[in-house]
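Below is one structure, written out as structure tokens, with a few remarks after it.
The values are calculated or read from the model by the stated rules, or taken from the named source; none is laboratory data. Nothing here was measured: the structure is a model prediction, and the numbers come from that model. Cβ: placed from backbone, ideal geometry, glycine included. Neighbour counts: every protein chain shown. For the accessible areas, the whole protein counts, side chains as well, though only heavy atoms, and no ligand, DNA or RNA atoms are used. Shrake-Rupley method; radii C 1.70, N 1.55, O 1.52, S 1.80 Å.
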Amino acid sequence: MSSQKLTKLELQIMEALWTRGMCSIREIQETFPAKNRPAYTTVQTTVYRMESKRKIVRRAKRISNADIFEATISREDAQGTLIDELLALLGGRAKPVMAHFVKSGKLTLDDVKEAEKMLRQLARKDKST
């Protein structure tokens with residue numbers, strides 16, 4: 001997994017690959033809203049950098065003269081990196097994030113129950129090792 005921060009454009013490209021699976025650069029570009037769609041060459045340059053320098057996408061195959069790309073990191077890995085970066089900015093404290101989610105209505109009781117379930121599973125796993 002890449003522990004480097006993804007740019008907004010890179011995240012949008014990754015979202016296209018995670019949602020649609022393997023895509024050509026044209027297909028990735030077309031997933032952007034028409035109003036704010038970056039130029040084909042911008043997407044192309046970014047994808048090639050993501051492949052050669054970041055290693056977060058790879059060329060899966062070639063159809064005619066179009067390269068088809070796929071993600072090499074999962075959505076969960078990328079989200080985990082972003083969340084870890086956010087927590088680092090907050091001094092490693094999760095409480096301010098949770099408080100914000102509660103106040104904004106973005107954290108539901110079902111979310112809390114799911115978190116409790118995951119914490120219990122983690123505690124059991126720690127006891128068994």
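A few comments on the model shown:
- Taking Cα centre as origin and charging only the Cβ of basic (Lys, Arg, +1) and acidic (Asp, Glu, -1) residues, the dipole magnitude of segment 1-66 rounds to 200 debye.
- 10 Å Cβ shell holding at most 15 others, DSSP loop, trypsin sites (Lys or Arg not before Pro): longest site-free stretch of the chain: 6-54
- Residue pairs, from the table 55/103; 103/125; 5/95; 55/113; 8/125, whose Cα atoms sit over 27 Å apart: 55/103; 103/125; 55/113; 8/125
- In this entry, segment 7-107 is assigned a mean projected area of 8.0 nm², taken as a quarter of its C-alpha convex hull surface.
- Taking Cα centre as origin and charging only the Cβ of basic (Lys, Arg, +1) and acidic (Asp, Glu, -1) residues, the dipole magnitude of the chain rounds to 140 debye.
- Computed from label points 7 Å out along Cα-Cβ, the spacing between residue 115 and residue 36 is 2.8 nm.
- Rg to Rh, two decimals, where segment 1-53 supplies the alpha carbon set and Rh follows Kirkwood: 0.94
- Calculated [θ] (222 nm, deg cm²/dmol) that DSSP helices of n ≥ 4 give over the chain, each run adding -39,500 (n - 2.57): -18000 deg cm²/dmol
- Each part reduced to its alpha carbon centroid, segment 71-129 and segment 19-64 end up 30 Å apart.
- Between 104, 52, 74, the Gaussian network model of the chain with springs among Cα atoms under 10 angstrom shows the greatest mean-square fluctuation at 104.
- Taken along the Cα-to-beta-carbon direction at a fixed 7 Å, the label points for residue 20 and residue 88 span 3.2 nm.
- DSSP H segments from the chain that extend 20 Å or more along their own axis, Cα-based, with Kyte-Doolittle mean of 0.5 or above: none
- Summing charges over all other residues whose Cβ lies under 13 Å from the Cβ of residue 9, with Lys and Arg as +1 and Asp and Glu as -1, gives +3.
- Protein heavy-atom surface of the chain, 1.4 angstrom probe: 54% of the accessible area is carbon and sulfur, with nucleic acids and ligands not counted.
- Relative contact order (percent, whole number), segment 15-129, Cα cutoff 8 Å, 6+ residue spacing: 20
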